[in-house]
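The values are calculated or read from the model by the stated rules, or taken from the named source; none is laboratory data. Note that the structure is predicted; figures quoted are calculated from it, not measured. Using ideal geometry, Cβ is built from the backbone for each residue, glycine included, and neighbour counts are taken over all protein chains shown.
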């Protein structure tokens with residue numbers, strides 16, 4: 001009788017087992033040969049993220065809180081919101097040696113402008129101990145949260161116009177008068193016995209206000225006689241107040257009266273001295289340039305603020321008569337002053353500095369934080385941040 005065949009097991013298939021072993025070996029060899037190619041073709045993955053880790057919520061800086069400052073003469077008092085690095089109603093200000101008053105742009109973002117100067121002071125700790133920052137806000141008539149305070153329609157404040165007359169608001173006050181009252185409030189030897197200098201700075205729309213104020217105000221002289229050196233820092237305004245009927249020639253060769261057929265109003269305020277505002281009614285127009293030339297003014301012009309289609313650029317014909325871009329208008333105005341000062345048998349002493357800030361466009365932080373911006377605000381030995389934009393002085397053109 002024949003015996004039944006033994007059940008088939010792995011051991012009973014020696015040929016298949018050997019084949020499988022050879023297959024595995026071949027696969028391993030192939031994988032080994034392809035490994036360098038795979039390594040070079042793939043980007044290594046980062047370490048796995050621990051999703052159980054507690055991620056802290058980002059910290060939000062507390063919003064700056066403005067202070068209500070009361071200004072004006074008896075019988076016409078009004079309040080303005082002002083950002084400051086001291087509590088103005090109760091802090092001891094006897095150690096303050098300099099004040100920086102900075103004026104915001106058309107967005108009325110006075111808190112941002114305050115922060116720009118505050119960051120600059122942080123890099124100059126010796127100055128931070130004796131410097132007061134004031135950033136007033138020219139509120140709009142529709143802005144919420146500023147009830148009972150002086151307010152302006154749209155951007156009228158940048159031309160020096162009066163605040164609105166409305167129920168619950170103080171009597172109208174010009175934007176120029178606000179600066180007069182603010183500066184006079186600093187001329188107080190009881191509260192500020194050590195104060196030696198004030199820098200009034202503005203960028204963009206704020207620079208338009210500051211430039212016209214520097215020309216037209218009557219408080220500069222009295223403040224200087226009281227021992228307060230007042231200096232003006234004017235950065236990237238859209239236009240300037242010209243003091244004659246001349247404008248830059250289209251061919252770049254000097255200055256000449258502009259063609260009224262192109263722009264009949266080119267020499268009217270705010271671009272020229274025709275129809276000056278009531279604030280300047282006591283001003284001797286024939287001596288405007290001589291007086292302005294004696295004032296300490298620094299122009300800061302962004303080297304990249306050269307877009308003729310910038311959405312906030314003044315494109316009226318009065319502004320276009322001054323040049324196509326903010327940079328061109330600023331350089332043209334600086335050269336205009338040099339040319340006026342050199343005329344006549346006795347040249348006028350011109351207390352000016354003008355700089356082009358390399359690579360900076362329409363940006364208050366880049367302008368004031370530049371090498372020349374820091375020095376204009378804080379003094380010649382002020383330190384700008386590492387990597388701050390360098391500046392090139394704008395010298396008079398050869399005649």
Open item on the list: residue 323 - would you say it is under 16 Å from residue 240 (Cα atoms) and surrounded by 14 or more Cβ atoms within 10 Å (Cβ to Cβ)?
Closed with: yes
Open item on the list: Just to be sure before I move on: is residue 256 farther than 30 Å from residue 92 by Cα, surrounded by 15 or more Cβ atoms within 10 Å (Cβ to Cβ) and at pLDDT 95 or above in the structure I sent?
Closed with: no
- [ ] Check residue 181 against each of (1) over 27 Å from residue 365 (Cβ atoms); (2) in contact (Cβ under 8 Å) with a residue 40 or more places away in the chain; (3) not in a helix (DSSP H, G or I) and name the one condition it does not meet.
- [x] (3)
- [ ] Could you please find all residues in the stretch 290-312 being surrounded by 20 or more Cβ atoms within 10 Å (Cβ to Cβ) and out of contact with any strand residue (DSSP E or B) (no Cβ under 6 Å at 6 or more places or on another chain)?
- [x] 292, 305
TODO: Might you let me know whether the stretch 209-217 holds any residue that is out of contact with any strand residue (DSSP E or B) (no Cβ under 8 Å at 6 or more places or on another chain), closer than 26 Å to residue 322 by Cα, without any contact (Cβ under 8 Å) to a residue 60 or more places away in the chain and assigned to a helix (DSSP H, G or I)?
DONE: yes
Task: Qualifying residue in the stretch 324-341 (condition: more than 16 Å from residue 234 (Cβ to Cβ), more than 21 Å from the chain's Cα centre (by Cα) and without any contact (Cβ under 8 Å) to a residue 12 or more places away in the chain) - done: no
Task: Subset of the stretch 306-333 [over 19 Å from residue 252 (Cα atoms) and in contact with a helix residue (DSSP H, G or I) (Cβ under 7 Å, 6 or more places away or on another chain)] - done: 313
TODO: Identify the residue in the stretch 372-381 that is in contact with a helix residue (DSSP H, G or I) (Cβ under 9 Å, 6 or more places away or on another chain) and surrounded by fewer than 19 Cβ atoms within 10 Å (Cβ to Cβ) and, among all such residues, is farthest from residue 231 (Cα to Cα).
DONE: 381
